[in-house]
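S.K.: Right, I'll just put the structure down here and ask away after.
Just so it is clear, none of the values below were taken in a lab; they were calculated from the coordinates. All values derive from a computational prediction rather than experimental measurement. All Cβ positions, glycine included, derive from the backbone under ideal geometry; neighbour counts span all protein chains shown.
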Amino acid sequence: MKLADLDIIVTAPPAPGWGGRYWILVKLTTDDGIVGWGECYASSVGPEAMRAVIEDIFARHMAGENPENIEKMFRRAYSSGFTQRPDLTVMGAFSGLEIACWDILGKARNRPVWALLGGLMNDRIRAYTYLYPQPEHDMTDFWTSPEMAAESASTMLAKGYTAVKFDPAGPYTLRGGHMPAMSDISQSVAFCKAIRTAVGDKADLLFGTHGQFTTAGAIRLGQALEPFSPLWFEEPVPPDAVEEMAKVARSVRIPVATGERLTTKAEFAAVLRAGAATILQPALGRAGGIWEMKKVAAMAEVHNAQMAPHLYAGPIEWAANIHLAASIPNLLMAETIETPFHDALIKSSIQVENGFITPPQAPGLGIDIDEDLARAHPYTGSGLHLEMREEPCDYVNGNAFEGGAPVPKP
């Protein structure tokens, strides 16, 4: 069995586009006709440029190879061009291709991927969800309304979720770490208070940021949130500032989580060594793939840290996250995004039921892809999957973060 053909589909979820502006899906076919699907969570260059990178990685390092040889293919990609260091774009391409290899291997052996990773450790996986606007909410006002956030949290609690994430502390700015506006701290406290009142002790609060703050600013904000006992303080400073994140972890009585923007065991190891976080959030379509994150889970286990796979992408990456989650002993929970398009693209083959996910029993990733649906929604925009704003923190009028890839306003 050898890898023979590659096809790439860039599909765009319908507005409002939860999960990003587009998803890069890869379809690998072996010389004996087995098809595997993967997803590249790669957004540092546009999708057409990324298509060329994926094609090059496949042709250079994987075509004609036995899909079993994942370690060898990883080392080729990781070493490409005399590097042997984390490269977000290369690893974003390789990760999706690697996921597709696992899908092929499971189908070839008639076993789910988790069975090839050491077997089933968790037969129920705790899911968490971001708080999105409900049908009755105004799409603009929602992001600065503690009351609407609390209503969304109550809706998610009624669906069985035991953890909800929100990030009212914007802005998500390319200017690097900043000191939060006092109004941002007040708004964050108001969100925590309203959501805690709505869910009581029936759900955990997951406080998200996006690396916005200076070390001092993150500490100020984190200490203001402590009375509401969030389960985590996500990426409080820029992700490459590992030692600074460790200072936050030592100064705030909320567990620090990070990993959405990290790739390979080299970057996650630095976080663990520094004591910068006790919860790791790899996005498997970016971080090096399933096998690489199985290694990171083992390293985390030694450091008494937990894994919470991150999702701001499509359902194929989600499926990969679920198989990893099913196989590891130090799982905390896994992010999920429930939209009709996510569900339809995999024909409801994995679902959240009462706040938990049952790992699929079908071979490979255990998902049934609606390829026609994926091709029927091509991406025609010019924006990246996610983008940071150029404007600095607004200390006069306040700030808002609108869910990652907001629809352009007319």
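S.K.: Would you mind calculating the gained length between Asp7 and Asp240 on full extension (0.36 nm times residue separation, minus the Cα-Cα distance), in nm to one decimal?
M.R.: Length difference between fully extended and current span is 80.6 nm.
S.K.: What length, rounded to one decimal in nm, is gained on full extension from Arg111 through to Ala216, with 0.36 nm per residue of separation minus their alpha-carbon distance?
M.R.: 32.9 nm is the gain from fully extending Arg111 to Ala216.
S.K.: May I ask for the distance between the Cα centers of region 56-71 and region 294-320, given as a whole number of Å?
M.R.: Each part's Cα centre sits 23 Å from the other's.
S.K.: Would you kindly state how much longer the chain becomes between Lys202 and Ser186 on full extension, computed as 0.36 nm times their sequence separation minus their alpha carbon distance, in nm to one decimal?
M.R.: Computed gain between Lys202 and Ser186 is 3.3 nm.
S.K.: Shifting gears a bit: Below 8 Å, C-alpha to C-alpha, sequence gap of six or more: please give me the relative contact order for region 116-364 in percent.
M.R.: Once divided by the residue count of region 116-364, the mean separation gives 21 percent.
S.K.: Going by alpha carbons, how many degrees (0 to 90, nearest 10) lie between the helix axis of 215-225 and the longest principal axis of the chain?
M.R.: Compared with the principal axis, the helix lies near 70 degrees.
S.K.: Compute the separation of the alpha-carbon centres of region 346-400 and region 181-205 and state it in Å as a whole number.
M.R.: 25
S.K.: If one takes the longest principal axis of the Cα atoms in the chain, at what angle in degrees, from 0 to 90 and to the nearest 10, does the Cα axis of helix 88-109 lie?
M.R.: Once rounded, the angle reads 60 degrees.
S.K.: For the pairs Lys27/Lys165; Lys2/Lys295; Lys159/Lys247; Lys202/Lys294, note any where the Cα-Cα span goes beyond 28 Å.
M.R.: Beyond 28 Å between Cα atoms: Lys27/Lys165; Lys159/Lys247; Lys202/Lys294.
S.K.: Tell me what the chain gives for mean residue ellipticity at 222 nm when only DSSP H runs of n ≥ 4 count, each as -39,500 (n - 2.57), the sum divided by the residue total, rounded to 500 deg cm²/dmol.
M.R.: So the helix-based figure for the chain works out to -11500 deg cm²/dmol.
S.K.: As an exercise, use a Förster radius of 30 Å and the Cβ-Cβ distance of Thr380 and Ala63 to find the FRET efficiency, rounded to the nearest 0.05.
M.R.: 0.55
S.K.: Calculate I(q)/I(0) for the chain by the Debye formula, one identical point scatterer on each C-alpha and no solvent, and give its log10 at q = 0.06, 0.08 Å⁻¹ to two decimals.
M.R.: Values returned for q = 0.06, 0.08 Å⁻¹ are -0.22, -0.39.
S.K.: Something else about it: May I ask for the net charge around Trp291, where only other residues with Cβ less than 10 Å from the Cβ of Trp291 are counted and Lys, Arg are +1 while Asp, Glu are -1?
M.R.: Net charge around Trp291: -1.
S.K.: Still on this model: Helix 182-199 against the longest principal axis of the chain: what's the angle in degrees, Cα atoms only, rounded to the nearest 10?
M.R.: 70
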